[in-house]
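Peer 1: If you scroll down you'll find the structure; I have some questions about it.
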Amino acid sequence: MSKLTENSDTLYNRYLVVIGALIVQLCLGSIYAWSIFQTSLKKAPYNLGTFESLLPFAIGLATFAVVMIFAGKWQDKVGPRRVATTGGILLGVGYILATGVTFFETDPNLSLIWLVLTYGIIGGAGIGLAYVCPIAALVKWFPDKKGLITGIAVAGFGAGALIFARVETAFIKVIARDPEGIIIESDIAPALLICGLIYLIAVILGAQLLRNPPKGWTPEGWQPPVPTATGLGRDYEWREILRTPQFWLLWSMFVLAATAGLMTLGILKTFLQAANSAIDDNLAASIVGILAIFNAGGRIFWGFVSDKINRAPTMIMMFALLAIAMFTFGFQTEILMITVIACIIGLCFGGNFALFPSTTADYFGTKNVGNNYGFVFSAYGVAGILGAIIPAVVIDAIKGSSTTITGSSYAPAFIVCAVGAIVAVGLAAFAEYLNRK
């Protein structure tokens with residue numbers, strides 16, 4: 001395969017794709033700010049329970065993961081621009097339609113169904129279409145820095161929660177407060193409308209900057225790695241990857257690690273206010289935002305580390321740190337410690353989105369990485385459902401025993417996820433053993 005010279009025009013397009021990727025991912029990552037909406041949905045006029053208020057988020061994540069399988073195959077055929085543009089339209093329309101929840105606010109069941117259909121299925125499908133496009137394009141433009149460049153691209157996804165947690169908090173309509181000033185009734189429709197318009201415009205604009213490199217292009221001075229004796233490193237089709245143990249190890253690790261992070265993101269605001277009564281809505285939004293910073297930074301940090309010491313050792317370190325943080329989180333009451341541990345969880349959660357796509361490209365090649373990573377990413381949809389079920393089961397059990405809900409009430413849910421992270425450590429070590437065998 002011939003090399004093309006890395007001239008100024010090629011360089012310009014290469015880094016312009018990074019800008020487009022960040023714009024797109026920033027908007028898509030707003031889904032991680034769901035705990036802001038969840039808190040309002042548990043109040044009047046909606047009065048949804050823990051599981052019900054998490055269901056649109058969980059369905060959104062599951063739809064995101066399922067649609068990404070088809071999006072990856074589509075973008076491998078037609079390129080990233082058209083697919084990401086379609087995703088931006090669906091995401092914006094999903095949020096805008098979700099404002100219709102106000103028509104059903106007197107019926108919790110209809111409110112929930114409407115949010116699942118609009119925010120969860122339509123919006124989640126939009127994220128699934130747009131998400132894979134920047135990643136697939138960038139690993140082709142930067143085969144020499146897969147971990148780092150993927151981390152930079154998806155850092156925008158993590159940072160989206162930082163910005164849009166504030167936007168959502170600012171535009172949620174306060175209807176009533178109790179005598180102490182605590183919000184007891186609110187409406188999420190204005191925030192959904194503002195966010196939907198932003199996403200509709202920004203994702204479409206960012207998508208226009210995405211493109212694949214010229215056929216046969218490689219960075220100046222870079223040589224593709226020689227495929228291993230097992231064939232890893234060559235360009236696999238999706239049917240082939242499903243027959244490899246490496247795929248199933250990656251998939252299982254992704255489920256376990258992502259469940260911990262998604263559960264934390266989904267319940268973070270309600271957990272914070274149960275753990276310490278001094279944490280009001282603004283402080284909770286700030287902590288959610290700080291976690292988002294570390295979520296974004298973790299993608300760059302762990303991606304950079306993995307380029308230096310390889311993927312499996314990086315995963316082992318990251319999963320071990322996540323396990324320690326999850327074991328201790330539910331027992332914290334001090335604001336400082338809660339914030340520090342939340343940052344560690346965010347750091348480790350973010351690393352998943354740099355390590356798993358770059359590992360997919362390492363194992364199975366870059367030619368079909370969009371489609372192949374879509375199958376690996378299906379684990380994320382499973383994690384989204386588990387992340388909603390685990391805390392709901394714990395909290396409903398506590399409510400059934402008439403015990404006051406405190407921060408430590410969430411501890412069993414965090415411990416379950418910590419055990420999962422330990423299992424992920426073992427799977428990562430086994431994957432490393434197979435690759436060295």
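Quick note: the coordinates plus some simple rules give every number you see, no bench work behind them. Predicted model, so just to flag it, every value in this text is computed and none were measured. Note that each Cβ is placed from the backbone with ideal geometry, even for glycine, and that neighbours are counted across all protein chains shown.
Peer 1: Could you tell me the distance between the Cα centroids of segment 247-282 and segment 17-81, to the nearest Å?
Peer 2: 15
Peer 1: I would also like to ask the following. Within the set Lys43/Lys173; Lys145/Lys367; Lys73/Lys308; Lys146/Lys308, which residue pairs have Cα atoms separated by over 23 Å?
Peer 2: Lys73/Lys308
Peer 1: Rounded to a whole number, what is D in µm²/s for the chain from Stokes-Einstein with the Kirkwood radius over alpha-carbon pairs (10 °C, 1.306 mPa s)?
Peer 2: Reported coefficient: 73 µm²/s.
Peer 1: Another question about this same structure. Could you work out the helix-only [θ] at 222 nm for the chain, with each DSSP H run of four or more residues adding -39,500 (n - 2.57) and the total divided by the number of residues, to the nearest 500 deg cm²/dmol?
Peer 2: Computed ellipticity for the chain at 222 nm equals -25500 deg cm²/dmol.
Peer 1: In Å, what is the Rg of the alpha-carbon atoms in segment 113-245, and how long is Dmax?
Peer 2: For segment 113-245, the Cα-based Rg and Dmax read 21.5, 71 Å.
Peer 1: Right, next: Longest segment of the chain with no GluC sites (Glu not before Pro) in a DSSP loop having at most 14 other Cβ atoms within 10 Å?
Peer 2: Counting at most 14 other Cβ atoms within 10 Å as exposed, the longest clean stretch of the chain is 1-179.
Peer 1: Which loop-located chymotrypsin sites (Phe, Trp or Tyr not before Pro) does segment 298-336 contain, where loop means any DSSP state but H, G, I, E or B and the Cβ has at most 15 other Cβ atoms within 10 Å?
Peer 2: Within segment 298-336, the qualifying chymotrypsin sites (Phe, Trp or Tyr not before Pro) (loop, at most 15 other Cβ atoms within 10 Å) are Phe331.
Peer 1: Reachable aspartates and glutamates from Lys77, Cα under 16 Å, same-chain residues fewer than 8 places away excluded?
Peer 2: Straight-line reach from Lys77, under 16 Å: Asp235, Glu237.
Peer 1: Let me ask something else. Given segment 51-119, what whole percent of its Cα pairs are spread farther than 20 Å?
Peer 2: Percent of Cα pairs beyond 20 Å in segment 51-119: 38.
Peer 1: Separate question: Scaled to the compact-protein estimate 2.2 N^0.38 Å, what is the alpha-carbon radius of gyration of segment 334-383, rounded to two decimal places?
Peer 2: It is 1.53.
Peer 1: Would you mind checking the tilt of helix 80-98 against the longest principal axis of the Cα atoms of the chain, expressed as 0 to 90 degrees and rounded to 10?
Peer 2: It is inclined by approximately 10 degrees.
Peer 1: Related question: Compute the acute angle (0 to 90°) between the alpha-carbon long axis of helix 369-400 and the principal axis of greatest extent of the alpha-carbon atoms of the chain; round to the nearest 10°.
Peer 2: It works out to around 20 degrees.
Peer 1: Which whole number in µm²/s is D for segment 290-389 by Stokes-Einstein, with the Kirkwood Rh taken over Cα pairs at 25 °C and 0.890 mPa s?
Peer 2: The calculation lands on 169 µm²/s.
Peer 1: In degrees, nearest 10, range 0 to 90: what is the angle between the Cα axis of helix 281-309 and the longest Cα principal axis of the chain?
Peer 2: 20
Peer 1: Using R₀ = 41 Å, calculate the FRET efficiency as 1/(1 + (r/R₀)^6) where r is the Cβ-Cβ separation of Thr333 and Lys173; round to 0.05.
Peer 2: 0.85
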